[in-house]
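Trainee: A single structure is presented below for examination.
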Amino acid sequence: MFQTAYRLAGLALASALAGGTAANAQLVTHKDLTLAMAITMATTAIETCKTQGYSVSVHVVGRNGEVLVAMRGDNTGPHTLENSMRKAYTSRAQRRPSGEFANAVKNNPTAGALRLTNIIPAQGALPVKVGEDTIGAIGVSGAPGGDKDEACAKAGIDKVAADLK
């Protein structure tokens, strides 16, 4: 008897929710990085580092962490392409500079996020934002220090800043 009552209550609740959500259903709208913007950011980051004497690789990832652009600069180390991707992914996933994440976990080597695929606690990537909405990230690897990688990433974002509205 109780089972029947629970089933009827469950069906009534499901019907009410289905009716309510259909009337209120709407599409999610958001802004995304275009390929042209991603290419501009990556090219600017590589050129900025190159003028400072650094050979780097750059990744730009989109809203969902998907790779939009991957560029390996001339004379870069073989590890820089993977490292720039992991930095960009970390920044996007954490919605903050990868260096901030690195500082947050440096005293906690058992932090759960460190066990996730493509997460790396290394400075050199910045989130790309429209207001407070993180729509992607840019990661750089190859300069002698994450601060220098990050400066080149910032130059890439600055180049398209007027379009990030």
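The values are calculated or read from the model by the stated rules, or taken from the named source; none is laboratory data. Small disclaimer: the values here were computed from a predicted structure and weren't measured. With ideal geometry, Cβ positions are generated from the backbone for all residues, glycine too; neighbour counts draw on all protein chains shown. For the accessible areas, the whole protein counts, side chains as well, though only heavy atoms, and no ligand, DNA or RNA atoms are used. Shrake-Rupley method; radii C 1.70, N 1.55, O 1.52, S 1.80 Å.
Trainee: Averaged over every viewing direction, what's the projected area of the C-alpha convex hull for the chain? Give it in nm², one decimal, please. Present the calculation step by step, with values, prior to reporting the outcome.
Mentor: Details: hull surface 55.6 nm².
If I average the Cα hull's projected area over directions, I get 13.9 nm².
Trainee: What is the chain's relative contact order, in percent, from Cα pairs under 8 angstrom and six or more apart in sequence?
Mentor: Numbers: 318 pairs, mean separation 40.7, N = 165.
The value is 25 percent.
Trainee: How much length is gained if the chain between residue 31 and residue 130 is pulled fully straight, taking 0.36 nm per residue apart and subtracting their Cα-Cα distance, in nm to one decimal?
Mentor: Stretched out fully, the residue 31 to residue 130 stretch lengthens by 34.9 nm.
Trainee: Classify the stretch 36-127 as rounded, prolate or oblate from the Cα gyration tensor: take a ≥ b ≥ c as the square roots of its eigenvalues, call it rounded if a/c is under 1.5, otherwise prolate when a/b beats b/c and oblate if not.
Mentor: Details: a/c = 2.11, a/b = 1.61, b/c = 1.31.
Cα axes put the stretch 36-127 in the prolate bin.
Trainee: Sticking with this one: Once label points are set 7 Å from the Cα along Cα→Cβ at both residue 161 and residue 55, what is their separation, rounded to one decimal in nm?
Mentor: 3.1 nm
Trainee: On a 0 to 90 degree scale, rounded to 10, what angle separates helix 2-24 from the longest Cα axis of the chain?
Mentor: 50 degrees
Trainee: With a 1.4 Å probe and all protein chains in place, put 141, 55 in order of accessible area, largest first.
Mentor: Final ranking, largest accessible area leading: 55, 141.
Trainee: Can you show me the helix-derived [θ] at 222 nm for the chain, built from DSSP H runs with n ≥ 4 at -39,500 (n - 2.57) apiece and divided by the number of residues, rounded to the nearest 500.
Mentor: When only DSSP H runs of four or more count, the value is -15500 deg cm²/dmol.
Trainee: Give the ranking of 135, 39, 157 by solvent-accessible surface, highest area first, calculated with a 1.4 Å probe. It would help to have the intermediate numbers written out before the result.
Mentor: On the way: 135 5, 39 70, 157 25 Å².
Order by accessible area, largest first: 39, 157, 135.
Trainee: With every protein chain left in place, what is the accessible area per residue of the stretch 17-164 in square angstrom, probe 1.4 Å?
Mentor: Details: 7690 Å² over 148 residues.
Accessible area per residue: 52 Å².
Trainee: Once phi is turned into ³J(HN,Hα) by the Karplus curve 6.51 cos²θ - 1.76 cosθ + 1.60 with θ = phi - 60°, what whole-Hz value does each residue of the stretch 46-54 show in order, with x for glycine and proline?
Mentor: Each residue of the stretch 46-54 in turn: 5, 5, 4, 5, 4, 5, 9, x, 10 Hz.
Trainee: Need one value: the accessible area of residue 31 in square angstrom, 1.4 angstrom probe, rounded to the nearest 10.
Mentor: Accessible area of residue 31: about 100 Å².
Trainee: At 1.4 Å probe size, with no ligands or nucleic acids counted, give the accessible surface of residue 66 in Å², nearest ten.
Mentor: 80 Å²
Trainee: In whole percent, and with a 1.4 Å probe on the protein chains, what portion of the accessible area of the stretch 45-127 is carbon and sulfur?
Mentor: Working: 1960 of 4230 Å².
Whole-percent figure for carbon plus sulfur exposure: 46.
Trainee: Taking residue 165 as the anchor, which lysines have their alpha carbon closer than 28 Å to its alpha carbon, excluding any fewer than eight residues away along the same chain?
Mentor: Straight-distance partners of residue 165: 31, 87, 129, 148, 154.
Trainee: In whole angstrom, how far apart do the alpha carbon centroids of the stretch 24-96 and the stretch 124-162 sit?
Mentor: Using only Cα atoms to place each centre, the spacing works out to 8 Å.
Trainee: Could you tell me the accessible area of residue 40 in Å² (1.4 Å probe, neighbours in place), rounded to the nearest ten?
Mentor: Roughly 50 Å² of residue 40 is accessible to a 1.4 Å probe.
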